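Colleague: Structure incoming, see below.
The values are calculated or read from the model by the stated rules, or taken from the named source; none is laboratory data. Note that the coordinates shown come from a computational prediction; the quantities given were computed from them, not determined experimentally. Here Cβ is always computed from backbone atoms with ideal geometry, including for glycine, and neighbour counts include all displayed protein chains. These area figures cover heavy atoms from the full protein model, side chains too; ligands, DNA and RNA do not enter into them. Shrake-Rupley method; radii C 1.70, N 1.55, O 1.52, S 1.80 Å.
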Amino acid sequence: MNVEERIKHLRKIIDHHNHCYYVMTKPEISDVEYDHLMRELIELEKEHPELMDPNSPTQRIGSDIDNEFLQANHDYPMLSLANTYSFEEISEFVKKIGKLIPGEPVEYVCELKYDGVSINLQYTDGTLSKAITRGDGATGDDVTANVRTIKSIPLVLSGTGYPRRFEIRGEIIITHEGFERMNRERADTGDPAFANPRNAAAGTLKIQNSALVAQRPLDCFMYHLAGSELPSDNHYETMMAARDWGFKIPASITKCRNLPEVFGYINRWEHERNDLPFNIDGIVIKVNSYRQQGKLGTTAKSPRWAIAYKYKTLQAVTRLKSIDFQVGRTGAVTPVANLEPVQLAGTRVKRASLHNADQIALLDIRLNDVVTIEKGGEIIPKVVGVEKQHRRPDSEPLKYIENCPECGTKLIRKTDEARHYCPNETGCPPQIKGRLNHFASRRAMDIGLAEATIDQLFEKGLVNNVADFYTLQKEQLMLLERFADKSADNLLQSILESKKVPFERVLYALGIRYIGETLARKIVKHFKSMQALSGASYEDLIAVEEIGGTIAESILQYFSREDNLELIQKLSRHGVQMSVSEHQPVQSMKLNGKNFVISGVFQHSSREEIRHLIESNGGHILAAISGNTDYLVAGENMGPAKLEKAGKLGIPVISEEDFYLMIRI
Ligand code: IVH
């Protein structure tokens with residue numbers, strides 16, 4: 001076998017094992033064997049860049065280029081479904097179909113209604129050509145680069161008989177297990193947790209960096225095929241054919257001949273959904289025959305041949321043992337119920353949210369009450385009711401706390417807010433720890449500190465404010481649990497590295513209220529240094545397009561405090577960036593209106609730096625080459641497919657040096 005054949009063979013068997021693992025969930029080889037094959041393929045492709053293929057399984061790792069999503073059209077509109085919560089309405093639906101198609105038996109297909117984000121995949125000649133979000137139903141975001149990282153979506157189809165061009169729709173989901181792992185990792189890096197798997201999937205799909213998407217546990221279940229040459233005359237067989245082409249079609253899809261069978265399906269999954277490894281919010285009933293679907297047609301919004309039956313939110317009943325009052329990074333107090341453990345929607349629940357004082361009073365929740373809890377897709381369930389008939393006669397109304405459970409400060413309640421706050425920003429431990437976590441988090445200073453380590457650093461009095469990170473000594477770190485020579489060195493190194501973090505992320509890291517990542521970038525673009533920002537007046541601030549009154553007030557309030565100014569001075573003395581880097585060229589509009597695609601590895605700058613240079617000079621970054629691209633900035637080792645495409649479209653390919661010349665003053 002020559003190299004080319006070996007590469008092709010490896011791609012084929014890795015694709016096969018990906019399918020076994022991610023689609024069939026039945027691996028045929030061990031992880032070690034899989035890694036071995038993958039490593040061989042990576043090596044061979046590195047040695048032979050001319051044999052590179054964008055559909056190779058090695059390309060599912062994504063790219064660190066920031067994408068700006070382009071819009072793309074669906075070939076067929078993406079409709080939604082009519083919803084119902086009652087069996088009567090399903091009977092109506094079936095009756096109406098009987099009237100519209102008189103004298104014919106109608107077969108139905110029942111499927112689970114997966115609770116995630118819908119996606120439309122376009123395939124041309126057996127390969128994935130585009131992945132588009134639902135958008136407004138006619139046009140959506142082109143998220144192909146992100147979707148290509150999802151291992152249960154075939155990049156190249158298997159089997160035979162697929163149409164030359166078709167669209168397949170499905171739902172991108174995250175399993176309970178994947179979701180919990182993801183949130184644990186986010187806690188370790190100090191990133192805020194996602195509220196539920198659907199939000200996590202939606203957020204992930206819109207990340208403008210597919211290398212990050214590749215690390216998230218996304219999965220995709222398919223439920224609808226659209227095209228002009230479908231493989232069968234009915235939905236069920238078409239889905240079975242799609243399964244043979246490599247798509248993940250859950251085994252729960254079932255044909256039903258009549259209403260009782262449909263009700264049977266609904267009842268069965270009403271119970272079994274509790275044990276499913278992912279969230280569903282109902283079931284979908286579809287007319288199986290395409291001919292009959294055609295006869296029934298669609299309304300403007302949804303097909304007349306399908307309906308969704310939505311389950312009521314899952315509930316469980318258990319006893320309230322005690323209440324904790326948690327204080328968050330902003331000082332907001334959240335009452336949390338400790339419960340007798342109970343099974344709910346695939347997880348064992350021990351804690352539930354009680355919202356705020358008003359809600360507790362409204363429901364008259366008391367200690368030892370039997371309470372109803374509910375999980376509306378959210379991972380943290382909430383207490384929604386009290387079974388008063390089970391209340392103990394000696395129970396007493398609950399008194400809400402008046403002082404902070406962490407620092408004893410009297411709580412305040414802001415007008416128009418239901419929650420209580422602890423105003424002791426600088427002395428209340430969870431607020432301090434919250435700020436430390438935020439400062440060290442990946443998207444801020446990226447110090448790589450687990451929450452537990454920050455807790456220890458704080459408890460031992462080693463770090464009280466974010467400037468203290470920069471005075472840490474190795475001997476101090478060695479006193480911490482789970483710290484040894486190497487881990488202490490690593491931490492000190494990453495603290496040192498954080499001094500290179502650009503000013504815009506430093507500003508975000510300070511955690512000034514309302515200054516998120518995007519706003520920090522815009523503020524830095526405008527003011528360029530901490531000195532200029534801290535001296536800005538209300539008028540100076542609101543002159544910036546994105547800054548309104550509330551944000552301006554928050555910034556002024558931050559810089560009016562002596563302790564904050566002192567902190568910034570300390571950070572500055574330690575070498576943390578307090579202005580736009582000198583190495584960054586003067587910003588210009590030299591590239592105004594020009595669209596760039598960056599590809600390959602560069603000698604003098606990272607891709608991130610090139611991206612910055614383009615944007616700070618008025619240019620735009622595109623994810624992929626298209627007719628809109630003005631330049632392709634080509635580094636080393638870039639794939640031949642991109643070069644070929646640029647050549648075909650007549651797009652100038654420029655080197656790193658050419659690019660620097662373009663922005664030279
Ligand atoms: S069929 C014309 N089947 O529910 C076909 N949709 O409320 C329309 N969904 O946007 C969709 N599971 O994101 C269909 N088995 C399933 C589904 C499903 C989840 C979502 C889908 C759609 C929404 C409609």
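Colleague: Have a look at 579, 600, 550 and report the one farthest towards the positive end of the charge dipole of the range 538-665, computed about the Cα centre with Cβ charges (Lys/Arg +1, Asp/Glu -1).
Modeller: 600
Colleague: Which whole-Hz couplings ³J(HN,Hα) result when phi for each residue of the range 112-119 is put into the Karplus expression 6.51 cos²θ - 1.76 cosθ + 1.60, θ = phi - 60°, listed in order with x for Gly and Pro?
Modeller: Running phi through 6.51 cos²θ - 1.76 cosθ + 1.60 with θ = phi - 60° gives 6, 9, 5, 9, x, 10, 7, 9 Hz.
Colleague: If one computes the Cα centroid of the range 320-385 and of the range 391-416, what distance in Å separates the two points?
Modeller: When both Cα centres are located, 15 Å separates them.
Colleague: Dipole size in debye (nearest 20) for the range 556-665 around its Cα centre, Lys and Arg Cβ +1, Asp and Glu Cβ -1? Mind dumping the intermediate values first?
Modeller: Details: 11 positive and 13 negative charges, 53 e Å.
Here the range 556-665 has a charge dipole of around 260 debye.
Colleague: Another question, then. If I stretch the segment between residue 660 and residue 40 completely, what's the gain in nm (0.36 nm per residue apart, minus their alpha carbon distance), one decimal?
Modeller: Values: separation 620, 0.36 × 620 = 223.20 nm, distance 3.65 nm.
Contour length minus the Cα-Cα distance gives 219.5 nm.
Colleague: Continuing with the same structure: Which value, in debye to the nearest 20, describes the size of the charge dipole of the chain about its Cα centre when Lys and Arg Cβ atoms bear +1, Asp and Glu Cβ atoms bear -1, and nothing else is charged?
Modeller: Details: 82 positive and 90 negative charges, 279 e Å.
Using Cβ point charges on Lys, Arg, Asp and Glu, the chain gives about 1340 debye.
Colleague: What are the trypsin sites (Lys or Arg not before Pro) within the range 215-282 that DSSP puts in a loop, where the Cβ has at most 12 other Cβ atoms within 10 Å?
Modeller: Working: sites: 243, 248, 255, 257, 268, 273; in loops: 248, 257.
Listed in order of number, the matching sites are 257.
Colleague: Over what distance in Å are the Cα centres of the range 557-626 and the range 500-546 separated?
Modeller: If we compute the Cα centre of each part, the gap is 13 Å.
Colleague: Follow-up. If you count only protein heavy atoms and use a 1.4 Å probe, how large is the accessible surface of residue 336, to the nearest 10 Å²?
Modeller: 10 Å²
Colleague: Now for a different question. So how strong a dipole does the range 419-503 carry about its Cα centre when Lys and Arg Cβ are +1 and Asp and Glu Cβ are -1, to the nearest 20 debye? Numbers along the way, then the final one.
Modeller: Numbers: 11 positive and 11 negative charges, 60 e Å.
Result for the range 419-503 is approximately 280 debye, rounded to the nearest 20.
Colleague: When the helix-only estimate is applied to the chain (DSSP H runs of n ≥ 4, each -39,500 (n - 2.57), divided by the residue count), what is the mean residue ellipticity at 222 nm, nearest 500 deg cm²/dmol?
Modeller: On the way: 24 runs with 234 residues, N = 665.
Mean residue ellipticity, 222 nm, calculated: -10000 deg cm²/dmol.
Colleague: With the calculation restricted to Cα positions, what are the radius of gyration and Dmax of the chain in angstrom?
Modeller: 28.4, 85
Colleague: Rounded if a/c is under 1.5, else prolate if a/b is larger than b/c, else oblate: which is the range 425-520, with a ≥ b ≥ c the root eigenvalues of its Cα gyration tensor?
Modeller: Values: a/c = 2.36, a/b = 1.40, b/c = 1.69.
The shape class here is oblate.
Colleague: Need one number: nm distance between label points at residue 479 and residue 401, each 7 Å from Cα along Cα→Cβ, rounded to one decimal.
Modeller: Here the answer is 2.8 nm between the modelled labels.
Colleague: Relative to the present Cα-Cα distance, how much length would full extension add between residue 268 and residue 522 at 0.36 nm per residue of separation? Before the final figure, lay out each step's value.
Modeller: Numbers: separation 254, 0.36 × 254 = 91.44 nm, distance 5.29 nm.
Full-extension gain reported as 86.2 nm.
Colleague: Quick one: net charge around residue 319, please, counting Lys, Arg +1 and Asp, Glu -1 for every other residue with C-beta under 14 Å from its C-beta.
Modeller: On the way: positive: 321, 350, 351, 366, 388, 391, 392; negative: 340, 369, 387.
Within the 14 Å Cβ shell, the charges total +4.
Colleague: For a label point 7 angstrom out from the Cα of residue 364 toward its Cβ, which stretches of the range 390-409 have the backbone nitrogen within less than 15 Å?
Modeller: 390-399
Colleague: Please identify which residues in the range 481-514 have an amide N closer than 13 Å to a label point set 7 Å out from the Cα of residue 455, following the Cα→Cβ vector.
Modeller: 481
Colleague: For the range 313-411, which trypsin sites (Lys or Arg not before Pro) are in a loop by DSSP, counting at most 11 other Cβ atoms within 10 Å?
Modeller: Working: sites: 319, 321, 329, 348, 350, 351, 366, 375, 382, 388, 391, 399, 410; in loops: 329, 366, 391, 399.
Passing both the DSSP loop test and the Cβ count: 399.
Colleague: Loop by DSSP (not H, G, I, E, B), at most 14 other beta-carbon atoms within 10 Å: where is the longest site-free stretch of the chain for chymotrypsin sites (Phe, Trp or Tyr not before Pro)? Please report the intermediate quantities before stating the final value.
Modeller: Working: sites that count: 85, 514.
Looking at the chain, 86-513 is the longest stretch - no exposed chymotrypsin sites (Phe, Trp or Tyr not before Pro) with at most 14 other Cβ atoms within 10 Å.
Colleague: Residues of the range 434-456 with backbone nitrogen within less than 20 Å of a virtual label 7 Å along the Cα-to-Cβ line of residue 581, please, listed as ranges.
Modeller: Within reach of a label on residue 581: 440-448.
Colleague: OK, next. Using a/c under 1.5 as the rounded threshold, could you call the range 385-456 rounded, prolate or oblate? The axes a ≥ b ≥ c are square roots of the C-alpha gyration tensor eigenvalues, and prolate needs a/b larger than b/c, oblate otherwise. Provide the component values of the computation, followed by the final result.
Modeller: Values: a/c = 2.74, a/b = 2.02, b/c = 1.35.
Here the range 385-456 falls in the prolate category.
Colleague: Here is a follow-up. Find, among the GluC sites (Glu not before Pro) in the range 547-583, those assigned to loop by DSSP (not H, G, I, E, B) with at most 14 other beta-carbon atoms within 10 angstrom. Walk me through the intermediate numbers first.
Modeller: On the way: sites: 553, 562, 566, 582; in loops: 582.
When the GluC sites (Glu not before Pro) of the range 547-583 are filtered for loop state and at most 14 Cβ neighbours within 10 Å, 582 remain.
Colleague: Take the alpha carbon atoms of the range 627-663, find their center, do the same for the range 99-134, and report the distance between the two centers in whole angstrom.
Modeller: Measuring centre to centre over Cα atoms gives 38 Å.
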